[in-house]
Each structure stands twice: as C-alpha cells, then as structure tokens.
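Notes to accompany the following structure.
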Amino acid sequence: MTAAPAAPAGTPNDPADSGDRHIRGIARGGSLNLVGALLSQGAVFLIMLLLARSLGMTEVGRYAQGYAMLSLLGLLSLSGFRAGLTRFVAVHLADDDPATIRGTIRLGLGISAVSSTVIAVGLAATAPWLARMLNDPELTTPLRLVALTLPALTICEAALAATRGWRTQRPYTLIGQIYEPGARLALTALALVLGGGVIGAFWALVGAAWSAAALAVLALAGMLRKVAPAEPAYRPRQLFSFSTVSWVSSLSSTGLIWVDTLLLGFFGSDEIGVYNVATRLVTVAIFVLAPINAAFGPYIAYLYHQGRLDDVRRSYGAVTGWIVRLSLPAFVALLVFPTDLLRIFGGDFTTGAAVTMILAAGQLVNAATGPCGTLLNMSGRVAVNMYDNLAALVLNIGLNIWLIPAYGIVGAAASWAASLAAVNIARVIQVRGLIQALPFTTGMAKGLAAGVAALLAGLVVRWLLPGGPVQLTVGLAAVVATYLGAVLALGLSREDVMVLRTLIRRRRREATA
C-alpha cells in the first residue's frame, strides 16, 4: 500500500501547523481569564488597602482569619465537585447524553448545597470556641457571618464549574472573577463609609456571595435550556471517584495558602494583618498563573490523550515562559521596593518587608516551574498531584509549628516559601519522567536576563533617590522600561510573535463587531 504524501507545511494536516493552532488556542483562552484575574486581584488588593487604611493592622488580621476559614470550608463543602462538574459535564456533552448531564448537575449542586449548609450550621454553633482557640474572642461574629456566606459561595462555585463544561469561560470570568470581587469591593467601601467597620466588611462578603450565587445559577439554567429535555440519570460512583481525589488535592493546596494565617492566630501573633497584606502583594505578582493554567489544561488533556508528546512539551515550555515573563517585573518590584510598597497600606505594615521578599522568592520558584501540577492532572496523574499537595501541606504545618513561636511572621513566610519550592521541584522531576521535558527554555532565559537588568535598574534608583513616593514611582517606571527594553533587545520567540498577532487580530474583530 502506497503511503499518503506528506501535507505541505502550513496545511491543516501539518503537525507544525497543528501545534501552532494549539498554542494560539491556549493564548486565546487565557486572555479572557487573564483580564478577569487581573480585575479580581485588583479588587482584593483594594479591599485590603481600604481595610488597612480605615481600620488598622488588627482588623485586617481579623478579616484575614475569617476569609481563611471561608476559603478552607468552601473547599470542604464542594467535596471536589468543582473539577468533577467541569469534567463530566464536558464528557456527557460530547456523548450527547442530556439525561446524565442533568443528573450530574443536580447531584453535584445538591450535595454541595447540603454539605455547605451543614458545615455552616456547625461553624455558627462553634464560633465562640473557635474564636477562643484563635486567641481573639471578637472573631465570634465574623465567623458567624462566614457561616452565612458559606452556602452561597459553594453554590456559586459549583454552578460556575458546571458552566465551564460547555468549554466557555464567560460565566466564570464575568460572575466569579469580575462581578463578585467588584460587588464585594463596592459593598466594603460603602460599609466603611457608613462606619460599619470590619463587621460591615463581612456583611459585604455575605451580600456579594449571595448575589453572585443567584447570577451563577441563572447562567447555568440558561445553558441547560440548550440541552434536550430528559429525565435526569445519575452516575454517583463515576462522579465521586474522580471528585474525591480532586477534593483532597484542592483542599491540601488551599490549606498550603491559608493554614499559616490560622496558625499565626493559634500562636497569638499580633502581626497577622501585616502578614496578610504581604501575602496579598505577592499574590498580585503571580496572578497570571491561574488564568493561563485554566486555558492550558484542556489542551494538554487533548494532546496527551492523542499521544502527541512533542506538542505537549512545546506547549508546556511556551506557557511556562509566558508565566515567568509576565510576572517578572512585579517580582523585581517586590524584591527592590518592599518597604515602599507596604507603606501604601500604612506605616505599621512596613515591618513586613522581609516577609514580602521571602514570599516573593517562593512564588518565583512557583512561576519558573510552570503549570507542572496541571500537566500531572490532565495526563491522568491526579493521585500523584494529590500526594504532592498533601506532602507540601504536612511540611508547611510542621515548619510553621517549629518556626512561628521563634520567628513569628518571618518563620511563617519561610515555611510557606520552602514548602512551595519543594513541591514544585518535585513536580518538575515527575513531569520530566512523564514526558521527558523541563520547563526551562530559551524564552525563559531571555526573560530572566531582562529581569536581572530590571533588578539592577531598580537598585540604582533606590541608591540614588531617598525612600518615599518619588523613589517608588521612578523606580517602578525604571523597572518596567528596562525590562521591556531588554525583552525587545533580546528578541521575541516565534511563539510569542504568533500569539501577539493572534490576539491583536481577535481584538480587532471584536472591536469591529
């Protein structure tokens, strides 16, 4: 039998062109998520700024502990259905199985609503005891308001997860990343203006969560109307077996983010507010990771399932390079001007400069290793990722118990950074064994070189100018200008040019429409 002639380069069947299409697809999917994440992180940053300026360090710490409890219990309530609903709605849509689509959504939302209500009642009942355990009796009312928020947050997360099964990011971005944080910001500002204090800020959390939940359910109902009517069919074993592993993994990774805040309260630290502000600053620097990961995951699942490891490796390297280069200027600013950045929140918060630098170093490792956890999940190694997250959480708790009594918030920061670096290095080794790829590329090397140039420019400004608003403004401008100039001088990669052209054409089409 005669072999078919090879397709000319650039035709739809050409492997290089197919790889290009996947790179462009990841970029298009990530662009909307990136805008949403930027607005969401901006809103959270402004909320913390308002609380710090209006109420001071103690109340910021109180708000941080309540929000940490909400985040952990929210994941506990979801029971892993966030990932499970997205995956199985997409699978059943592909199979054109309306009965199982409806059954999966009812099962996921129903169990999430019941479990979150039960946990909320338990939290409200035990709030005085928990407040005493955290060495702050005034946390009782905030914890009860967290309990009131919990069912709404859980229903909203579950409904938006189900909408993503239709392979669209619009409801998730518009409701979860733009509306809810924006409404929370507006309501928090109103509460502070009216003199509501930190209790008013928690009521703002309640209002934003319940209104977002209503919008999420309406968005999901609109999508379900496109599905053919059918009597719901339930497959609980299929949904639970996947969701349980995902739940343990997500709970562990979220615990890694928030357990240090709770342990600082347990050990009676009076600098929880400083620590949380420093954490928010560093989170802004790495905001690009989550939205790019969300776009990266579905493509990697598709390519790995087809055995196209060359395209998997290429996508992994390209995405890691984007994450590093988009976040490097922010990391440079955190390392050079931590005190001036913290002074924006008030003079009391400048004691967190060392914490900011330590946390930034840990997150820089996180960025440089790329979406290795997502790659493990999408290649079917969900259990491996779960064990990684559990090990990191155990390591973090152990280090916190050891270091917080002696070193306070600096010990908490060192524990968190060490745990984050360790788990990501382990994942890089695992990905290397899985697809024979490392995240380090020429594009990343160029980005790091540009970052070093920007770091030197920032240090020169800090040496020449006295500390204060002028130094910070001139320094940030010098860091950004030097970084962009160095990136352009070193040259963009083929993937970078291709993605930029794709996004520009897309924006022009949207503007024309």
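The values are calculated or read from the model by the stated rules, or taken from the named source; none is laboratory data. This one's a predicted model, so the numbers in the text were calculated from it and none came from an experiment. Using ideal geometry, Cβ is built from the backbone for each residue, glycine included, and neighbour counts are taken over all protein chains shown. Calculation scope for accessible area: heavy atoms of the full protein, side chains included, ligands and nucleic acids excluded. Shrake-Rupley method; radii C 1.70, N 1.55, O 1.52, S 1.80 Å.
Observations, loosely collected:
- In the set (1) open to solvent by 30 Å² or more (accessible area, probe 1.4 Å); (2) at pLDDT 80 or above; (3) over 26 Å from Gly265 (Cα atoms), Arg314 fails one condition alone, (2).
- So Ser77, is it among the polar types (S, T, N, Q), surrounded by fewer than 22 Cβ atoms within 10 Å (Cβ to Cβ) and in a helix (DSSP H, G or I): no
- Test: residue in region 500-511 that is assigned to a helix (DSSP H, G or I), crowded, with 19+ Cβ neighbours inside 10 Å and either at negative phi or at pLDDT below 90 (or both): no
- Leu220 being modelled with pLDDT under 85, farther than 29 Å from Leu50 by Cβ and buried (at least 19 other Cβ atoms within 10 Å of the Cβ): no
- Look at region 392-412: where a residue is farther than 24 Å from Gly373 by Cα and a partner is at pLDDT 90 or above and surrounded by fewer than 17 Cβ atoms within 10 Å (Cβ to Cβ), sitting 6+ places away or on another chain with Cβ atoms under 9 Å, you get Ile409/Ala354; Val410/Ala354; Gly411/Trp402; Gly411/Pro405.
- Residue in region 82-104 that is within 25 Å of Pro291 (Cβ to Cβ) and at pLDDT below 70 present: no
- Among the residues of region 347-380, the one identified as assigned to a loop (DSSP other than H, G, I, E, B) and surrounded by fewer than 18 Cβ atoms within 10 Å (Cβ to Cβ) is Gly380.
- Filter pass, Gln65 being closer than 26 Å to Val277 by Cα and open to solvent by less than 20 Å² (accessible area, probe 1.4 Å): yes
- Scope region 94-107; condition closer than 16 Å to Trp166 by Cα and buried (at least 18 other Cβ atoms within 10 Å of the Cβ); matching residues: Asp97, Pro98, Thr100, Ile101, Arg102, Gly103, Thr104, Ile105
- Of all residues making up region 165-183, the number that are polar (S, T, N, Q), closer than 24 Å to Thr104 by Cα and open to solvent by 20 Å² or more (accessible area, probe 1.4 Å): 2
- Residues located in region 381-393, provided they are assigned to a helix (DSSP H, G or I) and open to solvent by 30 Å² or more (accessible area, probe 1.4 Å): Ala383, Val384, Tyr387, Leu390, Ala391, Leu393
- Search result, residues across region 129-144 that are among the charged types (D, E, K, R) and over 20 Å from Trp203 (Cβ atoms): Arg132
- Every residue from region 329-345 that is more than 23 Å from the chain's Cα centre (by Cα) and open to solvent by 10 Å² or more (accessible area, probe 1.4 Å): Thr339, Asp340, Arg343, Ile344
- Selection within region 116-164: residues that are open to solvent by less than 30 Å² (accessible area, probe 1.4 Å) and among the polar types (S, T, N, Q). The member of this set that is farthest from Tyr67 (Cα to Cα) is Thr163.
- Some residue of region 385-407 being in contact with a Lys or Arg (Cβ under 9 Å, 6 or more places away or on another chain) and at pLDDT below 85: yes
- Checked against the criterion of being of a type in the set (A, V, I, L, M, F, W, C), in a helix (DSSP H, G or I) and open to solvent by less than 20 Å² (accessible area, probe 1.4 Å), region 240-255 contains not a single residue that satisfies it.
- Of all residues in region 422-445, those satisfying the criterion of being part of a helix (DSSP H, G or I), open to solvent by 70 Å² or more (accessible area, probe 1.4 Å) and of a type outside the set (Ser, Thr, Tyr) are Ile425, Ile429, Arg432.
- Residues located in region 166-187, provided they are over 16 Å from Pro291 (Cα atoms) and over 16 Å from the mean Cα position of the chain (by Cα): Trp166, Tyr179, Gly182, Ala183, Arg184, Leu185, Ala186, Leu187
- Among the residues of region 457-468, those that are of a type outside the set (Phe, Trp, Tyr), out of contact with any Ser or Thr (no Cβ under 8 Å at 6 or more places or on another chain) and either exposed (fewer than 14 other Cβ atoms within 10 Å of the Cβ) or at pLDDT below 90 (or both) comprise Leu464, Leu465, Pro466, Gly468.
- Qualifying residue in region 119-130 (condition: more than 20 Å from Asn276 (Cα to Cα), of a type in the set (Ser, Thr, Tyr), out of contact with any Leu (no Cβ under 8 Å at 6 or more places or on another chain) and at pLDDT 85 or above): yes
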